[in-house]
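J.: Before anything else, here's the structure in question.
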Amino acid sequence: MPSGTLGRRDVLPLVVFLGASFVGAAIGSLVTVASLAPWYAGLAKPSWTPSGAVIGAIWTVLYALMGIAAWLVWRETGWTLSLPLVLFAIQLALNVLWSVLFFGLENLAAGLAGILVLWVAVAATLVGFWRVRRAAGGLFVPYLAWVTIATALNLVLWQVKPPSATLGLSNLLRPRCDPTVPPRHPQMCPWGS
């Protein structure tokens, strides 16, 4: 497919890739909004934490850039199964998964593990896209930068409110239960804090 011209047959795939990105955004947002208060609002956050409005605006731009980048790769590869587009789908699913782990389960440790895997997937997608079309890889640079900031924030939040001092995988992955706040998921916090 020629990469320099835009025809009518290019519009539907652009809508598909933007739609896929924003469906991922919508699912992640539904999970996130439900935990903003009181859980996320009650966390001790560093002074450099962006405001909710800034976070929302940045994610909106990033999801648009993701969709456009995938479309640019599609224009080069077509609908054949290509590693870069598979990586795109994987990182999008991991993006949603991070929202579920961090906000949905209100679990800082699981969120940290999830975002580290997401960071690797975003970096791999960036490299894969770059190899097909540099502009597509370049559109992923702000996303990787933002996930890096989100990873740092997730790490700081986890360090400030770490899991119990007892070591073990079950203690690292279980949600933190605050006895002063009724848990949204009481079945997940039967042991208390």
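J.: Is it true that Val61 is within 20 Å of Leu97 (Cα to Cα) and open to solvent by 70 Å² or more (accessible area, probe 1.4 Å)?
T.: Numbers: within 20 Å of Leu97 (Cα to Cα): yes; open to solvent by 70 Å² or more (accessible area, probe 1.4 Å): yes.
For Val61, the condition - within 20 Å of Leu97 (Cα to Cα) and open to solvent by 70 Å² or more (accessible area, probe 1.4 Å) - is met.
J.: Going through the stretch 34-50 one residue at a time, which ones are part of a helix (DSSP H, G or I) and exposed (fewer than 13 other Cβ atoms within 10 Å of the Cβ)?
T.: Of the stretch 34-50, the ones part of a helix (DSSP H, G or I) are 36-40.
Leu36, Ala37, listed by residue number.
J.: Cβ-Cβ distance below 8 Å, separation of 6 or more or different chains: which pairs start in the stretch 20-33 with a residue that is at negative phi and open to solvent by less than 40 Å² (accessible area, probe 1.4 Å) and end on one that is of a type in the set (S, T, N, Q) and in a helix (DSSP H, G or I)?
T.: Pairs found: Gly24/Asn95; Ala25/Thr60; Gly28/Asn95; Gly28/Ser99; Val31/Ser99; Thr32/Ser99.
J.: Which of the residues that make up the stretch 117-152 are within 13 Å of the chain's Cα centre (by Cα), closer than 14 Å to Tyr63 by Cα and of a type in the set (A, V, I, L, M)?
T.: Selection gives Val122, Leu144, Ala145, Val147.
J.: While we're on this one: Go through the stretch 98-120 residue by residue and tally those that are within 28 Å of Val73 (Cβ to Cβ), of a type in the set (A, V, I, L, M) and surrounded by 20 or more Cβ atoms within 10 Å (Cβ to Cβ).
T.: Residues meeting the conditions: 3.
J.: Quickly run through the stretch 130-154 and pick out the residues that are surrounded by 15 or more Cβ atoms within 10 Å (Cβ to Cβ), hydroxyl-bearing (Ser, Thr, Tyr) and more than 28 Å from Gly78 (Cβ to Cβ).
T.: Thr151, the sole residue that qualifies.
J.: Still on this structure, I have one more. Out of all the residues in the stretch 68-78, is one or more within 18 Å of Ser99 (Cβ to Cβ), part of a helix (DSSP H, G or I) and modelled with pLDDT of 95 or more? Before you say what the answer is, go through the steps one by one.
T.: First, pick out the residues of the stretch 68-78 that are within 18 Å of Ser99 (Cβ to Cβ): none.
No, because not a single residue in the stretch 68-78 is within 18 Å of Ser99 (Cβ to Cβ), part of a helix (DSSP H, G or I) and modelled with pLDDT of 95 or more.
J.: Quick check on the stretch 120-142. Is at least one of its residues at pLDDT 95 or above, small (Gly, Ala, Ser), in contact with a helix residue (DSSP H, G or I) (Cβ under 9 Å, 6 or more places away or on another chain) and within 22 Å of Ser29 (Cβ to Cβ)? Show your work before the answer.
T.: Step one: filter the stretch 120-142 for residues at pLDDT 95 or above, giving 120-142.
Right, trim to small (Gly, Ala, Ser) and you get 121, 123-124, 128, 135-138.
Of the ones still in play, those that are also in contact with a helix residue (DSSP H, G or I) (Cβ under 9 Å, 6 or more places away or on another chain) are 121, 123-124, 128, 135-138.
Those left that are additionally within 22 Å of Ser29 (Cβ to Cβ): 121.
The answer is yes, given that some residue of the stretch 120-142 is at pLDDT 95 or above, small (Gly, Ala, Ser), in contact with a helix residue (DSSP H, G or I) (Cβ under 9 Å, 6 or more places away or on another chain) and within 22 Å of Ser29 (Cβ to Cβ).
J.: Right, here's the next one. Just to be sure before I move on: is Thr80 under 30 Å from Val160 (Cβ atoms), open to solvent by 30 Å² or more (accessible area, probe 1.4 Å) and of a type in the set (Ser, Thr, Tyr) in the structure I sent? Working first, answer last.
T.: Numbers: under 30 Å from Val160 (Cβ atoms): no; open to solvent by 30 Å² or more (accessible area, probe 1.4 Å): yes; of a type in the set (Ser, Thr, Tyr): yes.
For Thr80, the condition - under 30 Å from Val160 (Cβ atoms), open to solvent by 30 Å² or more (accessible area, probe 1.4 Å) and of a type in the set (Ser, Thr, Tyr) - is not met.
J.: Of (1) more than 20 Å from Ala150 (Cβ to Cβ); (2) open to solvent by less than 20 Å² (accessible area, probe 1.4 Å); (3) of a type in the set (S, T, N, Q), Asn95 satisfies all except one. Which?
T.: (1)
The values are calculated or read from the model by the stated rules, or taken from the named source; none is laboratory data. Remember, it's a predicted structure, so these values are computed and weren't measured experimentally. All Cβ positions, even for glycine, are placed from backbone atoms using ideal geometry, and neighbour counts span all protein chains on display. Keep in mind that these areas ignore ligands, DNA and RNA; they rest on the heavy atoms of the full protein, side chains included. Shrake-Rupley method; radii C 1.70, N 1.55, O 1.52, S 1.80 Å.
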